[in-house]
Amino acid sequence: MTSYPVLDKKDTRSGFGAGLLEVGRNDDRVVALCADLTGSLKMDAFAKEFPDRFFQVGIAEANMMGMAAGMTVGGLIPFTGTFANFSTGRVYDQIRQSIAYAGKNVKICASHAGLTLGEDGATHQILEDIGLMKMLPGMTVIVPCDFNQTKQATIAIADHDGPVYLRFGRPKWPVFIPEGMPFEIGKAQVLSNGMDVSIYACGHLVWKALQAAELLEKQGIHAEVVNVHTIKPLDTAAVLASARKTGCVVTCEEHQRNGGLGDSIAQLLARELPMPMEFVAVNDSFGESRTPHQLLAKYGLDTPDVVAAALKVLKRK
């Protein structure tokens, strides 16, 4: 299998901050709005360099979405920033009506997603946001896997015409995607080739999938790891190509089993290529307050859980 050494450890939210600053320098139409969490979203550098293009709206997330939608009418490209819970659940009506239904070019950038928010607990650990966003017509949904890819994704969505939901996280995480690896919205990346089982993952779970593939290889099992960073539009060609090769699949995500990446791939396979499938995801529950790694282990999203899912699906092949 292809080896991906850890280049560094950085939080993906810092990748967003770095990408936002770069697109701000490249395009003066880019503006940024934040709901009282500038430091947490790593938007400080943009705010300092472009004070006239940064808007601190306070704890008024619904108002922020309405403002962003309005700014697009004048040709601006607004990036909104707050926690994933507040970026979706708190403001779903405004996103649906003012952004998605209206087809506005707003970039909804959501940090602190999933269980790895950690000690802040269940009220802040949204695990339903991918489902909420992917069900909106015309909404693009992207979940990058590390610092480098989050920076790439932030730069890419500035050039994309239409609403985007960009989801990233809080903890320091292995950086393993080379800076020069191409990133294209809607195009999955095969990170490791294999013939026995396909492992599709997004976000923080891509690293867990690669770790699992290394452990499986020691047992003589060759897993194909596919980084599905774009949940919608799903790269159906890449998903089907891998599934045809291996004949069984596992999906991995820091999200509810219902409504996320696994749900999208299951629908595709049910229509086009039915086969054994296992899910590594939160099973219909809220989170709790613990460290990120404790939570991933407790809720079945750690490396051993990916290995177990692969072994289970291989028995059904």
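Taking Glu253 and the conditions (1) touching a strand residue (DSSP E or B) at 6+ places or on another chain (Cβ under 6 Å); (2) without any contact (Cβ under 8 Å) to a residue 60 or more places away in the chain; (3) within 22 Å of Asp146 (Cβ to Cβ); (4) outside any helix (DSSP H, G or I), which numbered condition does it fall short on, given that it satisfies the others?
That leaves (2) as the condition not met.
Just the residues that are part of a loop (DSSP other than H, G, I, E, B) and among the aliphatic types (A, V, I, L, M), please, taken from segment 227-240.
Within segment 227-240, Val228, Leu234 qualify.
Please find, among Arg290, Arg271, the residue that is basic (Lys, Arg) and surrounded by fewer than 16 Cβ atoms within 10 Å (Cβ to Cβ).
Arg271
Test of understanding: among Ala113, Ala84, Ala68, which residue is modelled with pLDDT of 95 or more, closer than 17 Å to Arg170 by Cα and touching a Ser or Thr at 6+ places or on another chain (Cβ under 8 Å)?
Ala84
For segment 275-313, give me the residue count where each residue is more than 24 Å from Ile221 (Cβ to Cβ), outside any loop (DSSP other than H, G, I, E, B) and out of contact with any His (no Cβ under 8 Å at 6 or more places or on another chain).
So the first thing to find is which residues in segment 275-313 are more than 24 Å from Ile221 (Cβ to Cβ), and the list is 282-295, 298-299.
Subset that is outside any loop (DSSP other than H, G, I, E, B): 282, 292-295, 298.
Now restrict to residues that are out of contact with any His (no Cβ under 8 Å at 6 or more places or on another chain): 292-295, 298.
Count: 5.
Starting from segment 43-61, keep only residues that are modelled with pLDDT under 95 and of a type in the set (Ser, Thr, Tyr), then list their pairs with residues that are part of a helix (DSSP H, G or I) and surrounded by 14 or more Cβ atoms within 10 Å (Cβ to Cβ) whose Cβ atoms are within a distance under 9 Å, requiring at least 6 positions of separation or different chains.
Note: no pairs meet the criteria.
Mind counting the residues in segment 261-307 that are aliphatic (A, V, I, L, M), more than 23 Å from Ala241 (Cβ to Cβ) and touching a residue at least 60 places away in the same chain (Cβ under 8 Å)?
So the count comes out to 5.
Consider segment 262-274. How many of its residues are outside any helix (DSSP H, G or I) and in contact with a strand residue (DSSP E or B) (Cβ under 8 Å, 6 or more places away or on another chain)? I'd like the intermediate steps shown before the answer.
Start the filter on segment 262-274 by keeping residues that are outside any helix (DSSP H, G or I), which leaves 273-274.
If we keep only those that are in contact with a strand residue (DSSP E or B) (Cβ under 8 Å, 6 or more places away or on another chain) too, we end up with none.
So the answer is 0.
Can you pull out the residues in segment 39-84 that are assigned to a helix (DSSP H, G or I) and β-branched (Val, Ile, Thr)?
Residues satisfying the conditions are Thr72, Val73.
Is it fair to say Lys317 is modelled with pLDDT under 95 and touching a Ser or Thr at 6+ places or on another chain (Cβ under 9 Å)?
When the stated conditions are applied, Lys317 passes them.
Results for (1) assigned to a strand (DSSP E or B); (2) within 22 Å of the chain's Cα centre (by Cα); (3) farther than 27 Å from Ala110 by Cβ, shown as yes or no for each residue.
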position	(1), (2), (3)
Gly186	no, yes, no
Val190	yes, yes, no
Met195	no, no, yes
Ile199	yes, yes, no
Val206	no, yes, no
Ala209	no, yes, no
Ile221	no, no, yes
Val225	yes, yes, no
Ser242	no, yes, yes
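Would you call Pro144 in contact with a helix residue (DSSP H, G or I) (Cβ under 7 Å, 6 or more places away or on another chain), part of a loop (DSSP other than H, G, I, E, B) and surrounded by 18 or more Cβ atoms within 10 Å (Cβ to Cβ)?
Against the criterion (in contact with a helix residue (DSSP H, G or I) (Cβ under 7 Å, 6 or more places away or on another chain), part of a loop (DSSP other than H, G, I, E, B) and surrounded by 18 or more Cβ atoms within 10 Å (Cβ to Cβ)), Pro144 qualifies.
Check Lys232, Lys245 and return the single one that is without any contact (Cβ under 8 Å) to a residue 60 or more places away in the chain, of a type outside the set (Gly, Ala, Ser) and farther than 22 Å from Arg170 by Cα.
On the way: Lys232 fails: without any contact (Cβ under 8 Å) to a residue 60 or more places away in the chain.
None of the others qualify; the one that does is Lys245.
With Pro174, Pro182, Pro178, Pro137 as the choices, which residue is in contact with a Phe, Trp or Tyr (Cβ under 6 Å, 6 or more places away or on another chain), more than 20 Å from Ser40 (Cβ to Cβ) and not aromatic (Phe, Trp, Tyr)?
Step by step, each of Pro174, Pro182, Pro178, Pro137 is checked, and only Pro174 is in contact with a Phe, Trp or Tyr (Cβ under 6 Å, 6 or more places away or on another chain), more than 20 Å from Ser40 (Cβ to Cβ) and not aromatic (Phe, Trp, Tyr).
Residues of segment 1-38 being touching a strand residue (DSSP E or B) at 6+ places or on another chain (Cβ under 6 Å), farther than 24 Å from Ile59 by Cα and either of a type in the set (Ser, Thr, Tyr) or not in a helix (DSSP H, G or I) (or both), which ones?
Correct list: Met1, Thr2, Val6, Leu7, Asp8, Lys9, Lys10, Arg29.
Quick one: would you say Pro78 is buried (at least 24 other Cβ atoms within 10 Å of the Cβ) and either in contact with an Asp or Glu (Cβ under 7 Å, 6 or more places away or on another chain) or more than 25 Å from Gln125 (Cβ to Cβ) (or both)?
Here the answer is yes, as Pro78 does meet what is asked.
Inside segment 297-306, can you point out the residues that are aliphatic (A, V, I, L, M) and surrounded by fewer than 23 Cβ atoms within 10 Å (Cβ to Cβ)? Talk me through it step by step, then tell me what you get.
Within segment 297-306, the subset aliphatic (A, V, I, L, M) is 297, 301, 306.
Ala297 - this is the single residue of segment 297-306 that is aliphatic (A, V, I, L, M) and surrounded by fewer than 23 Cβ atoms within 10 Å (Cβ to Cβ).
The values are calculated or read from the model by the stated rules, or taken from the named source; none is laboratory data. Not measured: the values here are computed from a predicted model. Don't worry about glycine lacking a Cβ; one is built from the backbone with ideal geometry, like all the others, and counts go over all protein chains shown.
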